1. How many residues, within the stretch 89-131, are assigned to a loop (DSSP other than H, G, I, E, B) and more than 18 Å from ALA63 (Cα to Cα)?
2. Residues in the stretch 66-87: is at least one small (Gly, Ala, Ser) and closer than 22 Å to PRO8 by Cβ?
3. Given SER33, SER14, which one is buried (at least 17 other Cβ atoms within 10 Å of the Cβ) and of a type in the set (S, T, N, Q)?
4. Looking at THR4, THR21 in this structure, which one is in contact with a strand residue (DSSP E or B) (Cβ under 9 Å, 6 or more places away or on another chain) and farther than 23 Å from PRO125 by Cα?
5. Can you tell me how many residues within the stretch 60-113 are within 19 Å of ILE140 (Cβ to Cβ), of a type in the set (Lys, Arg) and surrounded by 14 or more Cβ atoms within 10 Å (Cβ to Cβ)?
6. If the Cβ limit is 7 Å and pairs must be 6+ apart or interchain, which residue in the stretch 77-101 that is more than 14 Å from THR21 (Cα to Cα) pairs with which residue that is among the small types (Gly, Ala, Ser) and in a strand (DSSP E or B)?
7. Only one residue in LEU24, LEU51 is under 12 Å from the mean Cα position of the chain (by Cα), under 18 Å from ALA96 (Cβ atoms) and not in a loop (DSSP other than H, G, I, E, B), so which one is that?
8. Residues that are assigned to a strand (DSSP E or B), exposed (fewer than 15 other Cβ atoms within 10 Å of the Cβ) and not polar (S, T, N, Q): does the stretch 36-48 have at least one?
Amino acid sequence: MRLTLSLPKKQYRSGEPILLTWTLENVGPRPLSVIAYELAGGGRQFSCLSLQVSVAGGAARPAPTAFPSSAVRPVWKQLASGETLDQGLELDRSLALMAPKTAPGKYLLTAQYSLQATTSPAGDPAWNGRTAAATVEFEILP
């Protein structure tokens, strides 16, 4: 699997919504299933996706992709060879949980997708592993 990240633009004002698109591509020769997201009371969550955020070259800190919920149901998706899965994540929501107000500066976001499974609940072969890190840079303006 290959993970890529994209943002609709490179600069945002403080408090502006930031929608991150993360794409998982099956670069292997056979169909494999992955967890596309977890369905919870507050919407989609992505516990298989790990995010690290650094500001102005500082130390990377984890950013949440899943939030506490009483009931979480994984939603699986089978990807044929060469097929992609695109997901949107409200990055501004994750950043707000790290600090009440997102500080101006240049940000580097690093992500990995990981899954430890052998089959999906439907019995399909599942991907098992961790992607190479994907990165995207953006700036928060005052």
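1. Count: 10.
2. no
3. Just one listed residue meets the conditions, SER33.
4. THR21
5. 2
6. Going by the 7 Å Cβ cut-off, the qualifying pairs are LYS77/SER33; LYS77/ALA36; GLN78/SER33; LEU95/ALA63; MET98/ALA63.
7. Exactly one of LEU24, LEU51 is under 12 Å from the mean Cα position of the chain (by Cα), under 18 Å from ALA96 (Cβ atoms) and not in a loop (DSSP other than H, G, I, E, B), namely LEU51.
8. Checked against the condition, which is being assigned to a strand (DSSP E or B), exposed (fewer than 15 other Cβ atoms within 10 Å of the Cβ) and not polar (S, T, N, Q), the stretch 36-48 yields at least one hit.
Every read-out reported here was derived from the displayed coordinates using simple, explicitly stated rules and does not represent laboratory data. Computed from a predicted structure; not experimentally measured. All Cβ positions, glycine included, derive from the backbone under ideal geometry; neighbour counts span all protein chains shown.
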